[in-house]
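Q: Quick one: this structure, given as structure tokens, is what I'll be asking you about.
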Amino acid sequence: MKKSLARRIGLPPVLRNASLLIGAALTLTIVGLAVFAPLVATHDLTQMDMTNRFSGPSAAHLLGTDNFGRDLWSRLVYGARISLSISLIAVTASALIGTVVGLVAGYFGGWVDMVLMRITDIFLGFPPLVLVLAIVAVMGPGLFNVALSLVVVSWTEYARVVRSTTLSLRERNYVQAAQALGASSPRILFREILPNSLGPITVLASLGLGTAIIWESALSFLGFGLPPPAPTWGWSLSYGTRFIRDEPWMSIISGAAIMVTVLGFNLLGDGLRDVLDPRRLTRGKG
Amino acid sequence: MAAYIIRRLLLFVPMALGIVTVTFGLLLLIPGDPAAVLLGQEATPEGIASLRRALGLDDPWYLRLGGYIANLLQGDMGRSIFQNAPVSEIILGRLGATVELAVVALLMSVALGVFLGVVAAIRQGGVIDAAAMLFAQLGISMPVYWLALLLMLAFAVQLGWLPAIGRGEPLVEAFGLALIGNPAPLWESLTHIALPALSLALNSAAVISRLVRTSMLEVLNEDFIRTARAKGIRSRAVVWKHGLRNALLPVLSVIGLRFGALLGGAILTETIFAWPGLGQLTISAISQRDLPLIQGIVLTFAMIYALITLTVDLLYAAVDPRIRLK
């Protein structure tokens, strides 16, 4: 085929090159808004204005107001803080646990690998949202419990990917050279193998942040996330449905915030995959 | 083939045991005394003691796990605390609605995903390709509960074409009625399932379309496709018959995984569309902290998922000799 490799696989060129750029721009903007929330928020979160409920976007209220006349822009900006911090905690912990499990399983092989991978399979055997809900149901809502439930369903992916990269890296010359020189197993794992697995881990983490945000919002949507007055996106979306026939704006804009953020992380992840992980690219994973 | 089937079936046993153990372990996550938590604020010490005995909480955990497994083997999942009925009965009463929703959503997502993926692959690099993949990216990023609301707003509230909530007759029964000359219930069922199934399906359709596209692009560059074209077979036949058949192999294994996502997503869709299935039951069980019921539901979801993965693996081996000979 005359077409170049880059054209044959992955997204079409227009989108693929744009993926990383748009993703990075979206993510940076949203993270920036969350970090500087006190500066960008235009109103006090709890400031109610019952004469001005469900107003559309205006100069006074950038994105309009909710059922209590509270400023939606300010609430969404603060909501970003909640979603992003829970997701970041969950993804970091998942990546750490999964990476260690994957490294150990892939490097030592044998029964260690067998046992660790069977455990991983068991956790993969639950539909994720079901397990997340059950854990939060049992332990109760709250930042830590929500993050923990996300970790329980997310670490498996890192374990599987890191294991397979470790399996192939283990056979490389430089690793075998280090072994021959008498380097200890932890040294080989963390100094030789881990640095070369960072590409796929970064890609997974970026995509994982998007997934974590969707699940965290789903929990808030169902009423099992952080309780009010925390301005979670899921709560605004869900509470807005009570007025959906006449005033759908509150739900629509809260959901849009979730989607744009998730879209940002997904585009970033896809873009990173093209840049960091050419091997996957040649196998043409969607 | 027989050896592969036996090996795969044997692997299912520790898997099922593991799932049961994790489900059982959920009870250990409760902060404090489960009996006190379950009984709430008006609990008396006697009440707590008797519930502890009833739940077997005074026994060591391995005895309790053993008892739990022994009961499960006899089809006993315990009794619901709030509905005062066997958990298995409650779940069986709801299972049909959820399976119906998930199966219809799966069919929709496969049809839509395969179509989009193939079209994008044929028109690779063009406008249609870009549009299809943009659609896929949006579909993947869109939370199912938001999509459900938008669809409900558009088709039920604004246009009034479809009912916003509820379920008609079970589809299978409605089909039966339609066959003997009474099509009204079938129409009723189809209009009710359209929105929940579509909102549930779109995310999976997006994932499948991306996979089909890459898989199709790979296959279309293979020698046997060139041979087929060289033989003068019509382009459409080459793509849909020779190409798609081979491109679908990797997709098959993903479809099993998607079914798990669909079951989970059903919890959200059912809540929004008041679909009387396991998802709705899950939410009410969780709100009431009805532990035996929660455990039963989690176990049911996981077992359906595991059985589907098993079936897909066996199907895969049947279609692709490379798997079973490995």
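The values are calculated or read from the model by the stated rules, or taken from the named source; none is laboratory data. As the structure is a computational prediction, the values presented were derived from the model and not from experiment. Cβ coordinates were reconstructed from backbone atoms using ideal geometry, including for glycine residues, and neighbour counts include every protein chain displayed. These accessible areas exclude ligands, DNA and RNA; they are computed on the full protein's heavy atoms, side chains included. Shrake-Rupley method; radii C 1.70, N 1.55, O 1.52, S 1.80 Å.
Q: Hey, with R₀ at 51 Å, roughly what FRET efficiency would B:Val172 and A:Ser85 work out to, going by the Cβ-Cβ distance, to 0.05?
A: 0.65
Q: Something else: Could you give the angle, 0 to 90 degrees to the nearest 10, between helix A:13-35's Cα long axis and the longest principal axis of the Cα atoms of chain A?
A: For helix A:13-35, the angle is close to 60 degrees.
Q: For the interface of A with B, what's the total buried accessible surface in square angstrom, probe 1.4 angstrom, rounded to the nearest hundred?
A: Answer for the A-B pair: about 4700 Å² buried.
Q: Evaluate peptide B:255-268: per residue, the Cβ atoms of other protein chains within 10 Å of its Cβ; return the mean as an integer.
A: 3
Q: For the stretch A:45-144, which chymotrypsin sites (Phe, Trp or Tyr not before Pro) are in a loop by DSSP, counting at most 16 other Cβ atoms within 10 Å?
A: Passing sites in the stretch A:45-144 are A:Phe68.
Q: If R₀ is 45 angstrom, what is the calculated FRET efficiency for the pair B:Ala131 and A:Val40, using the beta carbon separation as r and rounding to 0.05?
A: Plugging the Cβ-Cβ distance into 1/(1 + (r/R0)^6) gives 0.85.
Q: Further question: For the pair B:Leu63/A:Ile119, report the inter-label distance in nm, with labels modelled 7 Å from Cα in the Cβ direction.
A: Once both label points are built, they end up 2.8 nm from each other.
Q: Separation between the B:Val99 and A:Val275 pseudo-spin-labels, each 7 Å from Cα along Cα→Cβ, expressed in nm?
A: 4.8
Q: Given charges of +1 on the Cβ of Lys and Arg and -1 on the Cβ of Asp and Glu, with all other atoms neutral, how large is the dipole of the stretch B:96-289 about its Cα centre, in debye to the nearest 20?
A: The calculation lands at about 760 debye.
Q: Starting from the Cα of B:Ser235, move 7 Å in the Cα-to-Cβ direction to define the label point; list residues of the stretch B:111-132 whose amide nitrogen is under 13 Å from there.
A: B:122-124, by backbone N distance to the label point.
Q: Say R0 is 45 Å: what FRET efficiency, to the nearest 0.05, do A:Val260 and B:Glu46 get from their beta-carbon distance?
A: Using R0 = 45 Å, I get an efficiency of 0.25.
Q: Expressed as an acute angle from 0 to 90° and rounded to the nearest 10, what is the orientation of the C-alpha long axis of helix B:2-25 relative to the principal long axis of chain B?
A: Around 40 degrees separate the two axes.
Q: How large is the dipole of the protein assembly as shown about the Cα centre if only Lys and Arg carry +1 and Asp and Glu carry -1, each at its Cβ, rounded to the nearest 20 debye?
A: Dipole about the Cα centre, nearest 20: 2760 debye.
Q: Hey, another quick one. Arranged from highest to lowest average of other beta-carbon atoms within 10 Å per residue, in what order do the peptides B:155-163, A:163-171 appear?
A: A:163-171, B:155-163
Q: Find which of A:Ile89, A:Leu219, A:Leu21 sits farthest along the positive direction of the dipole of chain A, computed with +1 on the beta-carbon of Lys and Arg, -1 on that of Asp and Glu, about the Cα centre.
A: A:Leu21
Q: At 1.4 Å probe size, with every protein chain present, just tell me what the per residue accessible area of the protein assembly as shown comes to in Å².
A: 45
Q: Among B:251-258, B:312-319, how do they line up by average Cβ neighbours within 10 Å per residue, starting with the highest?
A: Answer by packing, highest mean first, reads B:251-258, B:312-319.
Q: Measure off, as a whole percent, the carbon and sulfur share of the 1.4 Å-probe accessible area of chain B, all protein chains present.
A: Answer for chain B: carbon and sulfur cover 66 percent of the accessible area.
Q: Hey, another quick one. Quick one: helix B:87-122 against the long Cα principal axis of chain B, what's the angle to the nearest 10°, folded into 0 to 90?
A: The two axes meet at around 20 degrees.
Q: Which GluC sites (Glu not before Pro) from the stretch B:34-133 combine a DSSP loop assignment with at most 11 other Cβ atoms within 10 Å?
A: B:Glu42
Q: May I ask which residue of A:Phe190, A:Leu143, A:Pro248 lies farthest towards the positive end of the charge dipole of chain A, with charges of +1 (Lys, Arg) and -1 (Asp, Glu) on Cβ and the Cα centre as origin?
A: My answer, from the dipole projection, is A:Phe190.
Q: Run the dipole for the stretch A:85-242 about the Cα centre, Lys and Arg Cβ at +1, Asp and Glu Cβ at -1, nothing else charged, and hand back the magnitude in debye, nearest 20.
A: I would put it at about 140 debye.
Q: Still on this structure: What is the mean number of Cβ atoms from other protein chains located within 10 Å of the Cβ atom of each residue in peptide A:228-238, rounded to a whole number?
A: Mean partner shielding for this stretch: 1.
Q: On the first, second and third principal axes, largest extent first, how far apart are the outermost C-alpha atoms of the protein assembly as shown in Å?
A: 75, 67, 63
Q: What GluC sites (Glu not before Pro) in the stretch B:197-272 are in a loop by DSSP, with at most 16 other Cβ atoms within 10 Å of the Cβ?
A: Here the sparse-neighbourhood loop sites are B:Glu222.
Q: Have a look at the stretch B:275-304 and report residues whose accessible surface goes down by 40 Å² or more when the remaining protein chains are included, against the chain on its own, probe 1.4 Å, ligands and DNA/RNA excluded.
A: B:Ile283, B:Ile286, B:Arg289, B:Val298
Q: Counting only other chains, and only Cβ atoms inside 10 Å, what mean value do you get across the residues of A:82-89?
A: 0
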